[in-house]
Amino acid sequence: MTFGEQPAYLRVASDLREKIANGSLPPHTRLPSQARIREEYGVSDTVALEARKVLMAEGLVEGRSGSGTYVRERPVPRRVARSGYRPVSGATPFRQEQAAEGARGTWDAHSEQEEAGEEIAARLGIEPGDRVMRTRYVYRDGGEAMMVATSWEPLAVTGRTPVMLPEEGPLGGCGVVERMAAIDVVVDNVVEEVGARPGLAEELLVLGGVPGHVVMAVERTFYASGLAVETADIVVPADRYRLSYHLPVR
C-alpha cells in the first residue's frame, strides 16, 4: 500500500478510520490484530500499536479485557439546547428541553461555600480568597449522565439572601436570571466560550467515557451592568451530544 508524507501510524489510523466510517468495519467488529495490521500495511509493531492508540483516543474503538479491540457503536448525537439568557418561566434551557420531551431528564446538585481561587476570582471580578457558593451538577437523560457542570456565585451578591443556595429555597432550581431578579439584580448579558479538549478523569468517570475522549467545554458567565454574578464550567461528551444555540435577533 502506497502512503503519502504523513507519519506511518497516522496513515494507518486514517485508513482504519475510513473503514469504520464506510461500514467496512461495522460496530462491535473486532479490529484487526496488531500482527494483521503489521502484515497488511507493511509497518512495524510500534506503528501498528500507535495507530490503534489513535483510534482508541478518538473514541472509535474500545478495548475489551481478554478479548481484543472492537469498533464502538457510534450514537446519533442528541441536541443540548442553549437558548440565551432569558428562558421562558425562569427555567434553565436543560429543564425546558426535558419538559418538552416528556421529563426524561433529571439532575443532582450539591452546593457548598469555598474561597475563590485565582481563575474563578478573575472570571467573577473578585479577589482570590473571597467567598463563593460552588454548586456541582450532574444532568441525566433517561438515567444516563450527559452533562456535568460547576457553578460559582459570589457571596457578596447572594450571601444572606433567599437565593444563596441555587437549588434550595423559594426559587430553588430556577435559572440565574430569575433568581437574581428576586434580589433586584438585573442580568443583562451572558458570555459563553465553547471549546473542545480531552475529558478529565473525574469527568469521564461520571459521563461514562474512557481516557482520551473529547468533551465540549463551555465557560459561561452572567453579568448585571458589567458585574459578574455567576460563572460556570459546563462539560458535554462530544461524541454523544451537540450544542444547539437559539439566539434572538435584535
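Before moving on, here are some points about what is shown:
- Relative to the Cα centre, the charge distribution of the stretch 94-237, modelled as +1 at Lys and Arg Cβ and -1 at Asp and Glu Cβ, gives a dipole magnitude of about 220 debye.
- Fraction of accessible area attributable to carbon and sulfur, the chain (%, probe 1.4 Å): 52
- For residue 6 and residue 30, the FRET efficiency from 1/(1 + (r/R0)^6), where r spans their Cβ atoms and R0 equals 25 Å, is about 0.45.
- Put simply, when 72-82, 215-225 are sorted by average Cβ atoms within 10 angstrom per residue, most first, you get 215-225, 72-82.
- Interchain or long-range residues, amide H under 5 Å from residue 29's placed H: 71
- Under the criterion of Cα pairs below 8 Å and six or more residues apart, the relative contact order for the stretch 160-250 equals 21 percent.
- Database remark: amide H of residue 230 closer than 5 angstrom to the amide H of 222 (H placed geometrically; neighbours at sequence offset of 5 or more, or on other chains; Pro and chain starts carry no H).
- Straightening the chain between residue 49 and residue 112 buys 18.2 nm, computed as 0.36 nm per residue apart minus the Cα-Cα spacing.
- Computed from the Cβ-Cβ distance with R0 of 25 Å, the FRET efficiency linking residue 130 to residue 206 stands at 0.35.
- Shape of the stretch 202-250, Cα gyration tensor, a/c cut at 1.5: oblate
- Taking all protein chains as they are arranged and a probe of 1.4 Å, the heavy atoms of residue 110 leave approximately 110 Å² accessible to solvent.
- Extending 7 Å from Cα along the Cβ direction at residue 40 and again at residue 242 yields two label points whose distance is 3.0 nm.
- Dipole-positive endmost among 21, 221, 59 within the chain (Cβ charges, Cα centre): 21
- Rounded if a/c under 1.5, otherwise prolate or oblate - the stretch 111-182, Cα gyration tensor axes: oblate
The values are calculated or read from the model by the stated rules, or taken from the named source; none is laboratory data. These numbers come from a predicted model, not from an experiment. With ideal geometry, Cβ positions are generated from the backbone for all residues, glycine too; neighbour counts draw on all protein chains shown. Heavy atoms of the whole protein, side chains included, go into the accessibility calculation; ligands, DNA and RNA do not. Shrake-Rupley method; radii C 1.70, N 1.55, O 1.52, S 1.80 Å.
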